[in-house]
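One structure is given below, encoded as structure tokens.
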Amino acid sequence: MVFLTRALLLRTYSKDFIDKLRIYVRGGTGGNGHPTLGGIGGRGGDVYLVGATKSDMTLKSMKDKYPEKRFVADTGQSSRKQALSGLNGASIYVQVPHGISIVDAANNQVMEGEISGSLDKLLVARGGRGGTRSTGFIPRPGQRRNLYLDLKLIADVGFVGFPNAGKSTLLSRISKAKPKIASYPFTTITPQIGVLEYPDFRKIQLADLPGLVEGAYLNKGRGHSFLKHIERTKLLLFVVDISGFQLSTKHQFRNAFETVQLLTQELSSYDGTLTNKPSILAVNKMDLPAADDLFNNLLTSLQGNKRVPNFHLYVAASNFGSDCDEIMKFKDVIPISAHTGEGTEKLSSRIREIIDNR
């Protein structure tokens, strides 16, 4: 049975794509108290970040709408003879894209809570107290902060691989996304999102991220800005070239098994919990000569065979400069050719089975 009948493009990220934006927020200053009559000033307004009502909002569109990137709540009203208790200043609610974590620029700490949907709301700057007898009727300033809005893409499946493994070709094969494709590394320089739609209208989102380089967990090749996007995914799709990988003549050649080892180490070194995510290994370019023999050798190295549903990869990380061994548990290992389409229908079916049975 063919699961995939048609596919849709969910969102295309342009060269202007940004996944981190610095903003300034400040709660409103409190209102003055009234020393003669003992009046209390109103409290300054608060600043909240809320999930945008439109799910297609981006940090780029937010930056264009608010070029100054400053959000200041209203000042509380001062006490006066006609109204001894001043009214509180109005709070402001700043719409931000879904999938946002908030980082305090002062200490680089992630604040509690995140914006994942339109109902989410997070207080980021409190308004100052109004003037009272205890403060000498002098108001307090509002809280002020510089914040980073850190976007992590929300997708069901995250593609993981080194450059030129065929991730972009695979995405274009099983969706209608149109990523740039060429036979040289680093053709994908911004994330690409596609969505599979099945006959019963079930939709699964796929995220093709720029290829990693060795040392990505140390932020080489902007590794952190790419790896963070797979933290939210439900399933990792490893895509490796059956013929191996060599970034350039200056770099060491890695066969397919060593490529998987390195990818596992990069993920584990960045965030050890990533290796616990469900994962599939898609072995690409099976249309190449001698691919079948190379695939059988890979299965042997993976300590499994085609009849075993779960493949446990024991990575001797010490061979790559680490002190401990890591384990990657693949739900399936599927030979494919993104170029010809071989194996891609089975891959699409397995993606759904694993996600729906989590």
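Where a number appears in this text, it was derived from the coordinates with a stated rule and is not lab data. As the structure is a computational prediction, the values presented were derived from the model and not from experiment. Reconstructed Cβ throughout: ideal geometry from the backbone, glycine too, with neighbour counts over all protein chains shown.
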Per-peptide average of other Cβ atoms within 10 Å, ordering 128-137, 163-172, 250-259 highest first: 163-172, 128-137, 250-259
Average silhouette area of the range 20-151, convex hull of alpha-carbon atoms, in square nanometres: 8.6
Förster radius 56 Å - calculated FRET efficiency between ALA290 and ASP104, Cβ distance, rounded to 0.05: 0.55
Mean Cα-pair separation over length for the range 20-151, i.e. relative contact order, pairs under 8 Å, 6 or more apart, %: 41
Signed unit charges on C-beta, dipole axis of the range 20-151, positive-most listed residue GLY42, ALA105, SER118: GLY42
Dipole magnitude (debye, nearest 20) for the range 20-151, charges at Cβ of Lys, Arg, Asp, Glu: 520
